[in-house]
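Visitor: First the structure, then my questions, so here it is.
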Amino acid sequence: MTMSQVDLFSRLQRHIDWRARMLDQGRYQALASSYCLPVHVQLGSFSFTIKTREDLILSMHRKRLGLLRHGLSLPKPRLLAHDLHPHQGVRRVWIQWDAEREGEHHDSLSIFGLMEQDRDFLLCSMEYKTMLLPEFEKPSAHRKLRNSR
């Protein structure tokens, strides 16, 4: 890898680490500012689009609560690879998410689509190849709450 590729890899890993910290701390507003809406989400065979900031924050909250409710530590990201050249301004990054439950290791694999903006990144798509919790793939886990406003 060239120095610029090493620098890009480090910047991407720092960004993914920051995203994980924001979710861990429940700082949904700060995290929401790093998305480019609408966001396409693919969870196994189920897909949907998050169109509003309100739905984005609700989705983050549900994910965090689901992990905690099932006794999983909040996942730690490890950047595995990234596209060398963005396609239409979007760079794909492959991430392994590691979590623990009662001393047992669990992991998930995702592909995020990131756009670079002012030396930072905006998330515009998420695809989870494997999930920490099977319930995340069910459409009922993503329906809008009646009293979410």
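The values are calculated or read from the model by the stated rules, or taken from the named source; none is laboratory data. Everything numeric in this text was worked out from a predicted model, so none of it was measured. FYI the Cβ positions are ideal-geometry reconstructions off the backbone, even for glycines, and counts take in every protein chain you see.
Visitor: How many residues does region 87-98 contain that are touching a residue at least 24 places away in the same chain (Cβ under 8 Å) and touching an Asp or Glu at 6+ places or on another chain (Cβ under 7 Å)?
Guide: 2
Visitor: Criterion first (of a type in the set (D, E, K, R), in contact with a strand residue (DSSP E or B) (Cβ under 7 Å, 6 or more places away or on another chain) and more than 22 Å from Q117 (Cα to Cα)) does D83 satisfy it? First the steps, then the outcome.
Guide: On the way: of a type in the set (D, E, K, R): yes; in contact with a strand residue (DSSP E or B) (Cβ under 7 Å, 6 or more places away or on another chain): yes; more than 22 Å from Q117 (Cα to Cα): no.
Taking the combined requirement at face value, the residue does not satisfy it.
Visitor: Would you confirm, using the coordinates I've provided, whether D120 is of a type outside the set (F, W, Y), over 15 Å from the mean Cα position of the chain (by Cα) and surrounded by fewer than 15 Cβ atoms within 10 Å (Cβ to Cβ)?
Guide: It is true that D120 is of a type outside the set (F, W, Y), over 15 Å from the mean Cα position of the chain (by Cα) and surrounded by fewer than 15 Cβ atoms within 10 Å (Cβ to Cβ).
Visitor: Something else: If the Cβ limit is 6 Å and pairs must be 6+ apart or interchain, which residue in region 55-67 that is closer than 9 Å to Y28 by Cβ pairs with which residue that is in a helix (DSSP H, G or I) and among the hydroxyl-bearing types (S, T, Y)?
Guide: I57/Y28; M60/Y28
Visitor: Would you check if P75 is touching a Phe, Trp or Tyr at 6+ places or on another chain (Cβ under 8 Å) and at pLDDT below 95? Don't jump to the end; show me each part of the working.
Guide: On the way: touching a Phe, Trp or Tyr at 6+ places or on another chain (Cβ under 8 Å): yes; at pLDDT below 95: yes.
In short, yes.
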